[in-house]
Amino acid sequence: MRTLKYVLGLGLFMLLFTGCDDVDDTPPRLVDMKTEFVLPAPSRLTNAERDIIQAKRDAYEEAIGN
């Protein structure tokens with residue numbers, strides 16, 4: 001029983017340390033990777049939404065005194 005523990009311990013030790021290889025943590029960098037991003041076209045505001053925004057701008061300008 002004692003030798004079985006040593007054999008299993010040695011086997012586990014070898015299994016743990018033989019699995020360690022030269023590990024590359026990051027993948028290779030792609031040279032042709034795009035760095036430009038195209039933003040989607042903004043949606044058009046309705047008249048009601050424009051009125052809400054204008055009312056908020058007017059309230060802001062009135063509050064700061066312009």
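FYI, it's all coordinate maths here, none of it is from the lab. None of these values were measured; they are calculated from a predicted model. FYI the Cβ positions are ideal-geometry reconstructions off the backbone, even for glycines, and counts take in every protein chain you see.
Using Cα atoms only, what is the angle between the long axis of helix 2-18 and the major principal axis of the chain, expressed in degrees (0 to 90) to the nearest 10? Between the helix axis and the principal axis of the chain, the angle is about 40 degrees.
Taking a temperature of 20 °C and a viscosity of 1.002 mPa s, what whole-number D in µm²/s does Stokes-Einstein yield for the chain with Rh from Kirkwood over alpha carbon pairs? It would help to have the intermediate numbers written out before the result.
Details: Rh = 20.0 Å.
Approximately 107 µm²/s, per Stokes-Einstein.
With respect to the chain, whose longest principal axis is taken over its alpha-carbon atoms, helix 47-64 is tilted by about 80°.
Estimated purely from DSSP H runs of n ≥ 4, each contributing -39500 (n - 2.57), the mean residue ellipticity at 222 nm for the chain is -18000 deg cm²/dmol once divided by its residues.
Label-to-label distance, residue 15 versus residue 57, with points set 7 angstrom from Cα along the beta-carbon direction: 7.0 nm.
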